[in-house]
Amino acid sequence: RKATFLSGSNDMPPGAAQETLAVSWAMAFGVEDINGFNSLQPRRYTDYLYGTKVSDVSYGFLANPALLQPSSPILPALNVRYLLVLVDMKQPLIGPQFRQIYRSREVRVFENTLVWPRAFFAASARSENDPAAVLSAVTAPGFDARQTSLVEGALPRDLATGAGASSASVTSQSPNRLEIAASTDAPRLLVVSEMFFPGWRATIDGAEVPILRTNYLFRGVVVPPGAHTVVFEYRPLMAMF
């Protein structure tokens, strides 16, 4: 995934917009983009990325320089591997975790060396049913969901804690389906960098399991011991009629 750091205006030459994959250009090239270009995006996503006081996100301006610092968990949690910045804009303070890998006349491209995996097992998890408290915790500097993830709902009592033997890797993905090869030595919470939203369903080895709203925005499922195939599919109820 990529993020374009762009603030205040979408008035730029077409070539610059294209090279920075701004506004809707990421969609044209099939690149996953966290900025968005639609005022209809879910409120929780806006809260998480832009803050609770922001209402209009029509052009996906990403202007908060705190997002670019190593202590911010937001871009790593969103699985943002690449950051694009216009060359001729006022340069934001870019943290040392971003390594420049490309530059043209229009754009600088950085790789995020602290990006989190698309899917991972949390070392521990706890329940927190107050959404505001969850949002405050998971966006605070230094938060690391790989160590402790927050779930809005009940968790199994036998959920393991600690850094046990576990692995998770995405084996197939599309807009409506995500498949993960997962292995764990004990029941653990698998967290994926995908938005919790009605209509998504999860299966483990073909058996449906509940999706837990995790870390305010994301999805989680509890995986039993052993090697398993975890699949998320978008199958809203209306498609069943």
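Details
- Restricting the range 113-138 to residues that are assigned to a loop (DSSP other than H, G, I, E, B) and either open to solvent by less than 40 Å² (accessible area, probe 1.4 Å) or hydrophobic (A, V, I, L, M, F, W, C) (or both), the residue that is nearest to SER172 (Cα to Cα): ARG118
- In the range 226-241, the residues that are closer than 29 Å to ALA137 by Cα and open to solvent by 50 Å² or more (accessible area, probe 1.4 Å): GLU233, TYR234
- The selection criterion, being in contact with a Phe, Trp or Tyr (Cβ under 7 Å, 6 or more places away or on another chain) and either closer than 21 Å to ASN79 by Cβ or modelled with pLDDT of 95 or more (or both), holds for GLU194.
- Considering the range 198-241, the qualifying strands (runs of 3 or more DSSP E), each wholly inside and each with 2 or more residues that are under 28 Å from ASP47 (Cβ atoms), run over 200-204, 212-214, 218-223, 226-234.
- Flag for ASP47 being within 21 Å of ALA145 (Cβ to Cβ), among the charged types (D, E, K, R) and either at pLDDT 90 or above or within 18 Å of the chain's Cα centre (by Cα) (or both): yes
- When ARG108 is tested against the conditions (1) crowded, with 19+ Cβ neighbours inside 10 Å; (2) modelled with pLDDT of 95 or more; (3) in a strand (DSSP E or B), the lone failure is (2).
- Subset of the range 21-49 that is free of Cβ contacts under 8 Å to residues at least 12 places away in the same chain and either touching a Gly at 6+ places or on another chain (Cβ under 7 Å) or of a type outside the set (S, T, N, Q) (or both) - its residue that is surrounded by the most Cβ atoms within 10 Å (Cβ to Cβ): TRP25
- Members of the range 65-76 that are out of contact with any Asp or Glu (no Cβ under 8 Å at 6 or more places or on another chain), open to solvent by less than 50 Å² (accessible area, probe 1.4 Å) and either within 25 Å of ASP130 (Cα to Cα) or free of Cβ contacts under 8 Å to residues at least 60 places away in the same chain (or both): LEU67, SER72, ILE74, LEU75, PRO76
- Close pairs from the range 78-105: first in contact (Cβ under 8 Å) with a residue 12 or more places away in the chain and open to solvent by 100 Å² or more (accessible area, probe 1.4 Å), partner of a type in the set (D, E, K, R) and outside any loop (DSSP other than H, G, I, E, B), Cβ under 6 Å, at least 6 apart: ARG99/GLU111
- Beta carbons closer than 9 Å, at least 6 apart along the sequence or on distinct chains, pair a first residue in the range 168-179 that is among the basic types (Lys, Arg) with a second that is part of a strand (DSSP E or B) for ARG177/VAL231; ARG177/PHE232; ARG177/GLU233; ARG177/TYR234.
- Some residue of the range 207-217 being among the charged types (D, E, K, R), surrounded by 14 or more Cβ atoms within 10 Å (Cβ to Cβ) and in contact (Cβ under 8 Å) with a residue 40 or more places away in the chain: yes
- Test: residue in the range 158-179 that is farther than 28 Å from LYS2 by Cβ and in contact with a Leu (Cβ under 8 Å, 6 or more places away or on another chain): yes
- Number of the condition not met by GLY142 [criteria: (1) in a helix (DSSP H, G or I); (2) surrounded by fewer than 19 Cβ atoms within 10 Å (Cβ to Cβ)]: (1)
- Taken over the range 50-64, the criterion of being open to solvent by 70 Å² or more (accessible area, probe 1.4 Å) and free of Cβ contacts under 8 Å to residues at least 40 places away in the same chain is satisfied by LYS53, SER55, ASP56, ASN64.
- Pick from the range 175-205, criterion of a type in the set (Gly, Ala, Ser) and closer than 16 Å to PRO236 by Cβ, ranking: surrounded by the most Cβ atoms within 10 Å (Cβ to Cβ): ALA202
The values are calculated or read from the model by the stated rules, or taken from the named source; none is laboratory data. Everything numeric in this text was worked out from a predicted model, so none of it was measured. Backbone-built Cβ (ideal geometry, glycine too); neighbour counts: all protein chains shown. Keep in mind that these areas ignore ligands, DNA and RNA; they rest on the heavy atoms of the full protein, side chains included. Shrake-Rupley method; radii C 1.70, N 1.55, O 1.52, S 1.80 Å.
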